[in-house]
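S.K.: Below is the structure I would like to discuss, written out as structure tokens.
The values are calculated or read from the model by the stated rules, or taken from the named source; none is laboratory data. Keep in mind that what you see is a predicted model, and the values were worked out from it rather than measured. We place every Cβ from the backbone using ideal geometry, glycine too, and count neighbours over all the protein chains shown. Please note that ligands, DNA and RNA were not included when accessible areas were found on the heavy atoms of the full protein model with its side chains. Shrake-Rupley method; radii C 1.70, N 1.55, O 1.52, S 1.80 Å.
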Amino acid sequence: MKTRVQAARRPSSLAFWLLSVPLGLGALWLASRPAHAADANAPALFQQHCAACHGADRLGGMGPALLPENLERLRKAEALKTIREGRAATQMPAFKDQLSEADIAALADYAYAPVNPKPTWTEKDIRASRIQHVDEKTLSPRPVFKADPMNLFVVVEGGDHHVSILDGDKLEPIHRFQSRYALHGGPKFSPDGRFVYFASRDGWLTKFDLWNLKVVAEVRAGINTRNAAVSGDGKYVMAANYLPQDLVLFDADLNLIKVMEAKSADGKESSRVSAVYDAAPRKSFVAAMKDMPEVWEISYDPEAHPIYDGLVHDYQYKEGVSVPGFLNPRRTRLTDPLDDFFFDQSYSEVMGTSREGKGQVVNLDARRKVSELQLSGMPHLGSGITWNWQGRTVMASTNLKEGKVTVIDMKDWKPVKDIVTRGAGFFLRSHENSRYAFVDSMMSPAKDTLQVIDKDKLEIVKELKPVPGKTLAHIEFTKDGRYALASLWEMDGALIIYDARTLEEVKRLPMKKPVGKYNVWNKITRSEGTSH
């Protein structure tokens, strides 16, 4: 029998704390007696202590899935520590006095071991998982608060798995709610800014009404989800999955439309999906395959041209076998896979890199690579930004392996300058009304320092180090670019707000590990200073 994830409803308030536990066997709270080294039978220990919340097959329920695919960003030492010592600000207790070291190690090893047979999550499972929390017809057609709905911030607090909604004018929170476990850092917005969609690493998609401050609907798209995208017309939502290896398309109310397996045209290769993004000017989604050298474009334009995957003698006479261009993948075959990518302003070209750092430019109209990218290390193009420099458009990217920001001319794709930073960084952010770009070095010992780049001089002009030794990362600007909000990326963290002109600190708002914050206006207008 194939293993399947049990459909899970949104937890009750009593059990909902389990979603706050960091991939660390939250259901161990069920233990009622001490365990001993002689009992270190991992499957039996798991069934006794963990299965009620994490699923009998480790595929998730009220608690997160415990699979190698879901744990890839969590070091085993941290998992062991969580079981042993518990987790601050959650109801995950310490078990060092109840479970032996052998039992703790056995449970951690079991969570990191592959499931055999490989788990599946079918269309039937997806449909069965959907939860309608609120009837949209009963909701107000206008915001229920006085703040500017276009200047709201959505703040993902990873420390205790909550989301805060922030008034960008008063710079004060107006609402906070419990989220699904381990949200992906990049929520996506409907074109009018009313709805925001979250994707969790455990595959849940959540639709939240920002005007009414309510969760509207949820559905589980997969077991291990990479990210989600919302179409430029607001009609569709697409999820990119690592497990199962597919793309899942929904309507705006999170009703399933179709599942697209991430397989080559001949069916001989399959792949995890690296990411999916909306290319609104093209009326399409664009997805990259992590393990397969292909880029897919899925048009949501009903008038899209047919797709010919084989040889065609004459397109004018429509000779050859085709499939409809609407909601089907149009493949661009490459020599190297893309793990991370960035669009030019027209969205006709994609800049991408593999995990090995091989860079290339892909033209989506010609459906082929048109240029190499001379990039070393591991550039993080998904966090890239653009601006006008000396009459030409440049793109800049951080680097996950090297301490530098690379500035690239988007006309000839040649590097303009490498700006040396204190260490490998993840995020680069700016705003069209700001002369500055902010870069972190959070992948290095200099994780506590933000550096400020003058976009005209292409030089670092200031460093911000408000709390020595504590991670500082991810700037986002207010709608008008007047203020820049940085994340003090700690359990007892904060949003540290700077005047974007003077670079002086204005105020702090306490937060639980604010991994990211996203301004509605900047996102729906595709601001040049933020990722899309």
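S.K.: May I ask you to derive the relative contact order of the chain, considering only C-alpha pairs under 8 Å and at least 6 residues apart, and to give it as an integer percent? Working shown, then result.
M.R.: Working: 1381 pairs, mean separation 48.2, N = 532.
With pairs under 8 Å counted, the relative contact order is 9 percent.
S.K.: To continue, here is another question. Would you mind checking the pairs Lys417/Lys465; Lys401/Lys465; Lys76/Lys517; Lys118/Lys517; Lys401/Lys517; Lys76/Lys507 and listing those with alpha carbons more than 30 angstrom apart? Can you show the working numbers first?
M.R.: Working: Lys417/Lys465 25 Å; Lys401/Lys465 22 Å; Lys76/Lys517 28 Å; Lys118/Lys517 35 Å; Lys401/Lys517 24 Å; Lys76/Lys507 37 Å.
Violating the 30 Å Cα-Cα cut-off are Lys118/Lys517; Lys76/Lys507.
S.K.: Right, something else. Mind checking the full-extension length gain between Thr502 and Ser371? Use 0.36 nm per residue of separation minus the Cα-Cα distance, one decimal, nm. Write down the numbers at each step before the final one.
M.R.: Values: separation 131, 0.36 × 131 = 47.16 nm, distance 3.98 nm.
Roughly 43.2 nm would be gained on extension.
S.K.: Determine the sum of side-chain charges near Glu172: Lys and Arg each +1, Asp and Glu each -1, restricted to other residues whose C-beta is under 15 angstrom from that of Glu172.
M.R.: On the way: positive: Lys146, Lys170, Arg176, Lys507, Arg508, Lys517; negative: Asp148, Asp167, Asp169.
Here the count lands on +3.
S.K.: Determine the calculated [θ] at 222 nm for the chain from helices alone, applying -39500 (n - 2.57) to every DSSP H run no shorter than 4 residues and normalising by the residue count; nearest 500 deg cm²/dmol. Walk me through the numbers on the way to the answer.
M.R.: Working: 6 runs with 46 residues, N = 532.
Roughly -2500 deg cm²/dmol at 222 nm, from the helical runs in the chain.
S.K.: Still on this structure, I have one more. How much length, in nm to one decimal, is gained on full extension between Leu139 and Gln47, taken as 0.36 nm per residue of separation minus their Cα-Cα distance?
M.R.: On the way: separation 92, 0.36 × 92 = 33.12 nm, distance 4.22 nm.
The Leu139-Gln47 span can extend by a further 28.9 nm.
S.K.: What percent does the relative contact order of the range 98-235 come to when contacts are Cα pairs within less than 8 Å and at least six residues apart? Can you show the working numbers first?
M.R.: Working: 222 pairs, mean separation 29.8, N = 138.
Value for the range 98-235: 22 percent.
S.K.: Calculated from the structure, mean projected area of the Cα convex hull in nm² equals which of [x] 26.7; [y] 25.3; [z] 22.0?
M.R.: Computed from the coordinates, mean projected area of the Cα convex hull in nm² corresponds to [y].
S.K.: In the range 240-371, with Lys and Arg counted as +1 and Asp and Glu as -1 at Cβ, which of these residues, Ser354, Trp296, Val259, has the Cα nearest the positive end of the dipole, that is, farthest along it?
M.R.: Ser354
S.K.: Which of the GluC sites (Glu not before Pro) across the range 117-189 are loop residues per DSSP, with 10 or fewer other Cβ within 10 Å? Intermediate values should be presented prior to the final figure.
M.R.: On the way: sites: Glu123, Glu136, Glu157; in loops: none.
Qualifying residues, ordered by number: none.
S.K.: Using Cα pairs under 8 angstrom and six or more residues apart, how large is the relative contact order of the range 343-476, in percent?
M.R.: Working: 338 pairs, mean separation 19.4, N = 134.
RCO, the range 343-476: 14 percent.
S.K.: Using the charge dipole of the range 358-465 (Lys, Arg: +1 at Cβ; Asp, Glu: -1 at Cβ; taken about the Cα centre), state which of Ser434, Ser371, Val394 has its Cα farthest towards the positive end.
M.R.: Ser371
S.K.: Would you mind counting up the charge near Val323? Only other residues with Cβ under 10 Å from its Cβ, with Lys and Arg at +1 and Asp and Glu at -1. It would help to have the intermediate numbers written out before the result.
M.R.: On the way: positive: Arg330; negative: Asp309.
Residues near Val323 contribute 0 overall.
S.K.: How about the range 425-532: which GluC sites (Glu not before Pro) there lie in a loop by DSSP and see at most 11 other Cβ atoms within 10 Å? Mind showing how you got there, number by number?
M.R.: Values: sites: Glu432, Glu459, Glu463, Glu476, Glu490, Glu504, Glu505, Glu528; in loops: Glu432, Glu490, Glu504, Glu528.
Here the sparse-neighbourhood loop sites are Glu504.
S.K.: How much net charge surrounds Gln345 when only other residues with a Cβ under 10 Å from its Cβ are counted (Lys, Arg +1; Asp, Glu -1)? Intermediate results must be reported in sequence, preceding the final value.
M.R.: Details: positive: Arg526; negative: Asp344, Glu349, Glu528.
Charge balance near Gln345 sits at -2.
S.K.: Which percent of the accessible heavy-atom area of the chain goes to carbon and sulfur, probe 1.4 angstrom? Numbers along the way, then the final one.
M.R.: Numbers: 10720 of 21900 Å².
Ligands and nucleic acids excluded, carbon and sulfur give 49 percent.
S.K.: Using the basic label-point model (7 angstrom from Cα toward the beta carbon), what is the Asp336 to Glu85 distance in nanometres?
M.R.: If labels sit at Asp336 and Glu85, their model points lie 4.0 nm apart.
S.K.: Then there is this: What is the range 351-459 by shape, rounded, prolate or oblate, if you read a ≥ b ≥ c off the alpha carbon gyration tensor as root eigenvalues and call it rounded for a/c under 1.5, prolate for a/b larger than b/c, and oblate otherwise? Write down the numbers at each step before the final one.
M.R.: Values: a/c = 2.18, a/b = 1.29, b/c = 1.69.
Oblate is the answer for the range 351-459, as a/c is 1.5 or above yet b/c matches or exceeds a/b.
S.K.: Now for a separate question. Could you calculate the FRET efficiency of Glu463 with Ala102 from 1/(1 + (r/R0)^6), where r is the beta carbon distance between them and R0 is 60 Å, rounded to 0.05? The partial results should precede the final answer.
M.R.: Details: r = 47 Å, r/R0 = 0.79.
Step by step, r from the Cβ atoms, then E = 0.80.
S.K.: Applying the Karplus parametrisation 6.51 cos²θ - 1.76 cosθ + 1.60 with θ = phi - 60° to the phi angles of the range 492-497, what ³J(HN,Hα) value in whole Hz is obtained for each residue in order, glycine and proline being reported as x?
M.R.: The phi angles translate into 9, x, 6, 8, 9, 9 Hz.
S.K.: Moving to a separate point now. Are there GluC sites (Glu not before Pro) in the range 227-315 that DSSP marks as loop and that have at most 13 other Cβ atoms within 10 Å, and which are they? Don't skip to the answer; put the middle values down first.
M.R.: Working: sites: Glu261, Glu269, Glu294, Glu297, Glu303; in loops: Glu269, Glu303.
Passing both the DSSP loop test and the Cβ count: Glu303.
S.K.: Dipole of the range 329-462, Cα-centred, from +1 at each Lys and Arg C-beta and -1 at each Asp and Glu C-beta, to the nearest 20 debye?
M.R.: Numbers: 21 positive and 18 negative charges, 40 e Å.
That gives the range 329-462 a dipole magnitude of about 200 debye.
S.K.: Hey, another quick one. Considering only protein heavy atoms, what per residue accessible area in square angstrom results for the chain with a 1.4 angstrom probe? Walk me through the numbers on the way to the answer.
M.R.: Numbers: 21900 Å² over 532 residues.
About 41 Å² of surface per residue is accessible.
S.K.: So if each residue of separation counts as 0.36 nm, and I subtract the Cα-Cα distance between Gln132 and Ala56, what length gain in nm does that give? Before the final figure, lay out each step's value.
M.R.: Working: separation 76, 0.36 × 76 = 27.36 nm, distance 2.56 nm.
Net length gain for the segment: 24.8 nm.
S.K.: Only four residue types carry charge here, +1 at the Cβ of Lys and Arg and -1 at the Cβ of Asp and Glu. Report the dipole size of the chain about the Cα centre in Debye, rounded to the nearest 20. The partial results should precede the final answer.
M.R.: On the way: 72 positive and 67 negative charges, 122 e Å.
Magnitude of the dipole: close to 580 debye.
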